[in-house]
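Novice: Take a look at this one; I'll ask things after.
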Amino acid sequence: MSELPSPPKEATYHLCPQCTRAVNAQAQERFCPNDGARLITACGACGEVIRTPYARYCTGCGAPLTHRHHEEGQRRGVLSPRDS
Ligand SMILES: [Zn+2]
Ligand SMILES: [Zn+2]
């Protein structure tokens, strides 16, 4: 039999830029089930694929892969008493 051994595939991941949720590329999810954001399949700057589910920056060029939305920071915990 001339069956070629399948080359070892590196696991790649798709990453949600919103919540940084990573899914295995084999899952073939295109959008994040958490927030509906389109998953990143590769670096937008250099095209490097994502090889780790913990990636926050591109391993090829260092470009940020996720949208770093401002954290809530200090909530204005000013209580406005509305006792009528
Ligand atoms: Zn998400
Ligand atoms: Zn890159």
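Novice: Work out Dmax and Rg for the stretch 10-68 from the C-alpha atoms and quote the Rg first, both in angstrom.
Specialist: Both quantities, over Cα of the stretch 10-68: 10.1, 28 Å.
Novice: Which ³J(HN,Hα) values in Hz, rounded to whole numbers, follow from the phi angles of the stretch 17-23 under the Karplus curve 6.51 cos²θ - 1.76 cosθ + 1.60, where θ = phi - 60° and Gly and Pro get x?
Specialist: Couplings: x, 8, 10, 6, 6, 10, 10 Hz.
Novice: Neighbouring Cβ atoms within 10 Å as the yardstick, rank E29, E48 fewest first.
Specialist: E29, E48
Novice: Taking amide H atoms as placed 1.01 Å from N in the peptide plane, list the residues 5 or more away in sequence, or in a different chain, whose amide H sits under 5 Å from that of A22.
Specialist: Distant-sequence amide H within range of A22: C16.
Computed from the coordinates by the stated procedures, all read-outs in this text should not be read as laboratory data. This one's a predicted model, so the numbers in the text were calculated from it and none came from an experiment. Note that we place each Cβ from the backbone using ideal geometry, even for glycine, and neighbour counts take in every protein chain shown.
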